Structures are given as structure tokens and as C-alpha cells.
Amino acid sequence: MQTADHNLPKGPPAYPELLPRNGSARLTRPTPIQIERELEVLAQVMDNQFVIPVLGWRFGVNAIIDLVPGIGDVATSLIAFYVLLSAVRYRVPKITLLRMGLNIAIYFVVGMVPWIGDVFEAWWKPNMRNLALLRSRATVSAEEAHKAKASDWMFVGVIISALLAMLFGSLALSAFIIWYIFHQVS
């Protein structure tokens, strides 16, 4: 009688880390990395806290804060930076850090468009997007997430510096436009 063992590949397993250590033949899946509860709550409050009953559309405190000209963009950007900095502690790959920075940049740039930007900002939800990236790409657990590589901190420093330059550049441009219009009218 032939057994089904002849269909199994010969040699070492392709993914030995998936094999249990107790010697059984059953494969186990790696468990997802647990993200700090506070970080998850922060993203939820900022992007999904409230719901419009009839439509079922969710929005968060970000959408409310963003209605305050100038100050709202700065405040919500600082929260988004906190999520990005947390990703460094979880040792996500640099490409993921760059994607997270891009999510923040898209949120900020499109948010500068009057009225349409406010609706887009409520829809885009950068903190929830970045939290999803963090969950899927974290390489260490919350307990181990205390130290990160210096190169990762420098990389995120460059990303945040570029985002801050965009932020303060847009504020300076807005101030210049207001000053110019004020001097043309008077």
C-alpha cells in the first residue's frame, strides 16, 4: 500500500521557522505583533471616533481640528508624526516608514485645497492607514519596542523634516498671500 508521503518534497523545509519546535508535523503560523493599545486608541479617536447615523460615514477629531485654519494642520500633523515615530520603535522597514510619510504628505497637501481638502482629510484617515501599515510590518512586539537603530531615527528625521518644511512653507506662503492682498486693498 502506497502512502501519501511520496508527494511531500524531499530535503529541508522551505520555511523552517514555521515548523513547531516540539517535533510535530503540523505547521504553525506566526502570530501578529501586538501594537500598544494607546496607539490604537489614538488613531481611532483621531480618524474614526464619530459616525454620521444615516450615512454610516466615520470621521474623527482630525476632521474637526482641521477646520481651524493654520493651527489645525499643525496639530493633526504632530499626531501623525507621533504614529510615524512609533513605527521606528517597532522596527518597520524603511520603505514602510517612507509610505507612512507619504500618507501624511498626501493628507497635508490635498488638505490645503479649500473645502475639498477638508472632505478629503476626513476620508483619507492617515493615522488609521499608518496604523495598518505598522501592524502589518512591525518586526518586534510592544514589549521589545524600546530601542531602534540610529539609522532608522535619522531616516524618519529626514522624512519629518521634509514634512515640516512643507508645513511651515505653506504657512509662510499663506501669510505672504494675506499680506500681499492686504497691501493691495489698502
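Miscellaneous remarks
- Extreme residue, modelled with the highest pLDDT, among residues of segment 133-152 that are under 16 Å from the mean Cα position of the chain (by Cα) and exposed (fewer than 13 other Cβ atoms within 10 Å of the Cβ): SER136
- Within segment 76-97, restricting attention to residues that are loosely packed, with under 15 Cβ neighbours inside 10 Å and hydrophobic (A, V, I, L, M, F, W, C), the residue that is nearest to GLU38 (Cα to Cα) is LEU78.
- Segment 108-127, residues that are touching an Asp or Glu at 6+ places or on another chain (Cβ under 6 Å), part of a helix (DSSP H, G or I) and at pLDDT 85 or above: ASN127
- Near pairs, Cβ below 6 angstrom, 6+ apart or cross-chain, from segment 166-184 (in a helix (DSSP H, G or I)) to any residue that is surrounded by 10 or more Cβ atoms within 10 Å (Cβ to Cβ) and polar (S, T, N, Q): LEU167/SER77
- Failed item in (1) touching a strand residue (DSSP E or B) at 6+ places or on another chain (Cβ under 8 Å); (2) at pLDDT below 75; (3) not hydrophobic (A, V, I, L, M, F, W, C), with ASN48 passing the rest: (2)
- Filter pass, MET166 being surrounded by fewer than 20 Cβ atoms within 10 Å (Cβ to Cβ), touching a helix residue (DSSP H, G or I) at 6+ places or on another chain (Cβ under 8 Å) and farther than 24 Å from VAL45 by Cβ: yes
- In segment 128-143, residue farthest from GLU36 (Cα to Cα) [restricted to those that are in a loop (DSSP other than H, G, I, E, B) and of a type in the set (Ser, Thr, Tyr)]: THR139
- Residue within segment 61-81 that is modelled with pLDDT of 90 or more and small (Gly, Ala, Ser) present: yes
- Residue list for segment 64-75, filter: surrounded by 14 or more Cβ atoms within 10 Å (Cβ to Cβ) and either of a type outside the set (A, V, I, L, M, F, W, C) or under 12 Å from the mean Cα position of the chain (by Cα) (or both): ASP66, GLY72, ASP73
- Hey, VAL92 of a type outside the set (Lys, Arg), within 15 Å of the chain's Cα centre (by Cα), at pLDDT 85 or above and not in a helix (DSSP H, G or I) or not: yes
- The lone exception for LEU97 - which of (1) closer than 25 Å to ALA172 by Cβ; (2) out of contact with any Lys or Arg (no Cβ under 6 Å at 6 or more places or on another chain); (3) assigned to a helix (DSSP H, G or I) it fails: (1)
- Inclusion of ARG99 among residues that are among the basic types (Lys, Arg), closer than 23 Å to GLU144 by Cβ and either in contact (Cβ under 8 Å) with a residue 60 or more places away in the chain or touching a strand residue (DSSP E or B) at 6+ places or on another chain (Cβ under 7 Å) (or both) is not warranted.
The values are calculated or read from the model by the stated rules, or taken from the named source; none is laboratory data. Predicted model only: the values in this text are computed from it and were never measured. Methodologically, a virtual Cβ is constructed for each residue, glycine included, from the backbone with ideal geometry; neighbour enumeration extends over all protein chains shown.
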